[in-house]
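*Asks:* The structure follows.
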Amino acid sequence: MILKTEKYEQEQRLLSSDTRQRHLTFKGFFTSQFILVALICSIFGNVLLLVQKRQCTSGDSASASEFAGLVYDTSIVYNTWTEFQDATSRDRAWREFDLTPLEVLLTDSEARDHGIEPSVYRFPWDRDRGVYYLKAFHDLHCLKVIKQALAHPSEERLEHTFHCLDALRQDIMCAANDTPMPVVELPNKIGDGQIVQCRNYDALVQWTREPERFPCYNRTVDTGLSLENRIEAYAYCPEDSPFYSTQQAYFAKWGHAAR
């Protein structure tokens, strides 16, 4: 009886030891699997966050304009009747619309970095920089040309007018604005009063006035100059301009052309 009891207890100890070993093995397996799954989830989560971050960054970058960094963050009211149409104000409005921001400066390396060929039109106060025409202001210039052609038709203006019409056609098709405009009132009151999202025009003007970008240019003066005296249009460097001393030295030596 004693032998049986001892044998029984011995078997129980062996069985208990085996059970504990299996339990520990299972527990260890389960713990290892849990850690592995947790690690995989952690890695996946970090990768997902990284992808989302890159997508957001890519989206912000894609929506911002390439040079001035403008985004569609400005709400304006679209109007079908403005001072640029009204017979009592339109001539003055178009005449006083300043297109001085038309021209900006880029170094040749800046241009190449953006896939643009260096401009052959060189800046007189720094030959390492080229003069470039900004799309927005070239389009506005073309609108003024067309307005002038409507008000004062002439054969000599015709070629420039058709150049401008085609330039506007290309830029409108390039922008491909897909904003639906409701018909508010027939026949021509389309989209009147509609809130539209725009880039900040004033911010673009400000960007063109940055000292290293501003070519000391005055568009109002330029329109009245002959081609040989056009350097006079670049006689407007502010004192904080990096080109001020060069401009001052030139006119001190050669003087100003008669206007």
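*Asks:* Hey, among 75, 154, 61, which residue is loosely packed, with under 15 Cβ neighbours inside 10 Å, modelled with pLDDT of 95 or more and not hydrophobic (A, V, I, L, M, F, W, C)?
*Replies:* Details: 154 fails: modelled with pLDDT of 95 or more; 61 fails: modelled with pLDDT of 95 or more.
The unique qualifying residue is 75.
*Asks:* Let me ask another. Which one of these does residue 129 not meet: (1) under 30 Å from residue 194 (Cα atoms); (2) surrounded by 13 or more Cβ atoms within 10 Å (Cβ to Cβ)?
*Replies:* (1)
Okay, residues lined up against (1) open to solvent by 90 Å² or more (accessible area, probe 1.4 Å); (2) closer than 19 Å to residue 97 by Cα; (3) in contact (Cβ under 8 Å) with a residue 12 or more places away in the chain; (4) in a helix (DSSP H, G or I):
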{"position": "180", "(1), (2), (3), (4)": "yes, no, no, no"}
{"position": "192", "(1), (2), (3), (4)": "no, no, yes, no"}
{"position": "205", "(1), (2), (3), (4)": "no, yes, yes, yes"}
{"position": "212", "(1), (2), (3), (4)": "no, no, yes, no"}
{"position": "241", "(1), (2), (3), (4)": "no, no, yes, no"}
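*Asks:* Take the residues in region 214-239 that are part of a loop (DSSP other than H, G, I, E, B) and open to solvent by 60 Å² or more (accessible area, probe 1.4 Å); name whichever of them is farthest from residue 123 (Cα to Cα).
*Replies:* Of everything passing the filter in region 214-239, 224 is farthest from residue 123 (Cα to Cα).
*Asks:* Would you please list the contacts, defined by Cβ atoms under 6 Å and residues six or more apart or on different chains, that run from a residue in region 155-172 that is part of a helix (DSSP H, G or I) to a residue that is open to solvent by 80 Å² or more (accessible area, probe 1.4 Å) and of a type in the set (D, E, K, R)?
*Replies:* Hits for this filter: zero, empty list.
*Asks:* With the structure loaded, tell me whether residue 154 is of a type in the set (Ser, Thr, Tyr) and over 29 Å from residue 85 (Cα atoms) or whether it fails that test.
*Replies:* Criteria not met by residue 154.
*Asks:* Given the residues 175, 249, which is the only one that is without any contact (Cβ under 8 Å) to a residue 12 or more places away in the chain and surrounded by 11 or more Cβ atoms within 10 Å (Cβ to Cβ)?
*Replies:* 249
*Asks:* State yes or no: is residue 107 under 23 Å from residue 230 (Cα atoms) and either open to solvent by less than 50 Å² (accessible area, probe 1.4 Å) or aromatic (Phe, Trp, Tyr) (or both)?
*Replies:* So residue 107 fits the description; yes.
The values are calculated or read from the model by the stated rules, or taken from the named source; none is laboratory data. Everything quoted here is computed from the prediction, not taken from an experiment. Because the Cβ atoms are built from the backbone with ideal geometry, glycine has one as well, and the counts that use them run over all protein chains shown. Side chains are part of the model used for accessible areas, which takes the heavy atoms of the whole protein and leaves out ligands, DNA and RNA. Shrake-Rupley method; radii C 1.70, N 1.55, O 1.52, S 1.80 Å.
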